[in-house]
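The values are calculated or read from the model by the stated rules, or taken from the named source; none is laboratory data. Remember, it's a predicted structure, so these values are computed and weren't measured experimentally. Because the Cβ atoms are built from the backbone with ideal geometry, glycine has one as well, and the counts that use them run over all protein chains shown. Note: areas computed on protein heavy atoms with side chains; ligands, DNA, RNA excluded. Shrake-Rupley method; radii C 1.70, N 1.55, O 1.52, S 1.80 Å.
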Amino acid sequence: MFGILDYLKLVAGVAAGLMIYHLYAISIGYPSAAREARAGYVLIAEKTAADARAAEMERQRNAAAQATEEHRKRLEAAQASEQAAKDTLESEIRSNELILSQKNRKCVADRADVDFVNHH
């Protein structure tokens, strides 16, 4: 039915069709390769975003810890300053009372008067 020449034409046509498909696939890119590349890109993008979120959380945690430490130091300094002021005031009151007792004088101010003067 078919001669050798017909089979050669058929083989040449199939080869030409495969070549045209190959050139077409190369020019627009293989669809499966494009899907794989996009899938890889999505994974990389998700990983990068997760790393950025983790780094931001770490930065915020470190900033909060540093702020807490600074606040604690300021509080301790304020408490020490307040205690020093109280100690100084008490020593001044004692020295004034000692001076008055040495001069045989009495301070008619009681503890309520002292508290009033301290707070106003």
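Looking at Leu89, is it touching a residue at least 24 places away in the same chain (Cβ under 8 Å), among the hydrophobic types (A, V, I, L, M, F, W, C) and open to solvent by less than 80 Å² (accessible area, probe 1.4 Å)? Answer is yes for this residue. Per this entry, Glu76 is not counted among residues that are among the acidic types (Asp, Glu) and either modelled with pLDDT under 95 or over 30 Å from Asn118 (Cβ atoms) (or both). Of the listed requirements (1) at pLDDT 90 or above; (2) open to solvent by 80 Å² or more (accessible area, probe 1.4 Å), Ala15 misses just one: (2). In the set Leu43, Leu8, only one residue is over 34 Å from the mean Cα position of the chain (by Cα) and either more than 30 Å from His119 (Cβ to Cβ) or without any contact (Cβ under 8 Å) to a residue 40 or more places away in the chain (or both); that residue is Leu8. Of all residues in the range 34-48, at least one satisfies being assigned to a helix (DSSP H, G or I), open to solvent by 100 Å² or more (accessible area, probe 1.4 Å) and β-branched (Val, Ile, Thr).
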